[in-house]
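I have placed the structure first, in the form of structure tokens, so that the comments after it can refer back to it.
The values are calculated or read from the model by the stated rules, or taken from the named source; none is laboratory data. None of these values were measured; they are calculated from a predicted model. Here Cβ is always computed from backbone atoms with ideal geometry, including for glycine, and neighbour counts include all displayed protein chains. Heads up: the accessible areas ignore ligands, DNA and RNA and are worked out on the full protein's heavy atoms, side chains in. Shrake-Rupley method; radii C 1.70, N 1.55, O 1.52, S 1.80 Å.
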Amino acid sequence: MPAPISIVIPTLNSEAELPGCLEALMEGLASGLIRELVISDGGSQDHTATIAEEVGAELLSGAPSRGGQLRRGCEAAQGDWLLILHADTRLSAGWSDAVSRHLEQGEGRPGYFRLAFRARGLRPALVAGWANLRARLFGLPYGDQGLLVRRSDYEAMGGYPDQPLMEDVALSLRLKGLVDIPVQAQTSAARYERDGWLRRGARNLWTLTRYALGVSPERLARAYRK
């Protein structure tokens, strides 16, 4: 029987972060969980493609849109389950045991991981705590928290929309029964450290609010990049 999980990672100039993400995934190979690795690139100009080829990943190339990249990657995946991760996210040690238990006992429900930043202090803990609380209360994990979903359920819900922002929220709103998997998704804090923890957190919340009010993802993306 083939291994159950296809890993799907969107990338764009990710040479600095991708190796750490892949290294953390190695225990899944040893435990027989990972069937394949699909890297969906958005036109990287660095060594991202070389890294992908060196580890034997299936490398897809296309336009740089997070939603579009994820959609292409998931369409190419062959596993019964999809594990979607960002390139700057590293699953904590022991994740393969927790995911194996979820596959056996989770009744097929989709799951996400517990956000943690690779930074110390009160502000990273507070921002991560709010993200984890939002996911539990409202069923809205962001892409930084990863997503584990049965491929048939992903397809039944229409998959990721081809949009530049909020593709993770759009899919989460359609998925039913999302559950917390007790594994840390340890994510880069670079954007928060650059922009300021309070400012970045408030900006993300305002973006989510505007999306809920019907502002288009394209308009949000233009504002987000400024």
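Looking only at residues in region 108-125 that are more than 15 Å from Gln184 (Cβ to Cβ) and free of Cβ contacts under 8 Å to residues at least 60 places away in the same chain, the one that is most open to solvent (accessible area, probe 1.4 Å) is Leu122.
Would you confirm whether or not region 133-150 contains a residue that is out of contact with any Ser or Thr (no Cβ under 6 Å at 6 or more places or on another chain), closer than 23 Å to Arg66 by Cβ and open to solvent by 70 Å² or more (accessible area, probe 1.4 Å)? Checked region 133-150: at least one residue is out of contact with any Ser or Thr (no Cβ under 6 Å at 6 or more places or on another chain), closer than 23 Å to Arg66 by Cβ and open to solvent by 70 Å² or more (accessible area, probe 1.4 Å). Restricting region 163-183 to residues that are under 22 Å from Gly106 (Cα atoms) and acidic (Asp, Glu), the residue that is most open to solvent (accessible area, probe 1.4 Å) is Asp180.
The residue pairs whose first member lies in region 15-30 and is within 17 Å of Asp41 (Cβ to Cβ) and at pLDDT 95 or above, whose second member is open to solvent by less than 50 Å² (accessible area, probe 1.4 Å) and assigned to a helix (DSSP H, G or I), and whose beta carbons are closer than 7 Å, counting only pairs six or more residues apart or on different chains, are Glu15/Thr48; Glu15/Ile51; Leu18/Thr48; Leu18/Ile51; Pro19/Ile51.
Condition check ((1) more than 19 Å from Ile7 (Cα to Cα); (2) in contact with a helix residue (DSSP H, G or I) (Cβ under 9 Å, 6 or more places away or on another chain)) across all residues:
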position: Ala125; (1), (2): yes, no
position: Gly159; (1), (2): no, yes
position: Met166; (1), (2): yes, yes
position: Ser172; (1), (2): no, yes
position: Gly177; (1), (2): yes, no
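Considering region 191-226, and only residues there that are under 23 Å from Leu126 (Cα atoms) and among the β-branched types (Val, Ile, Thr), the residue that is least open to solvent (accessible area, probe 1.4 Å) turns out to be Thr207.
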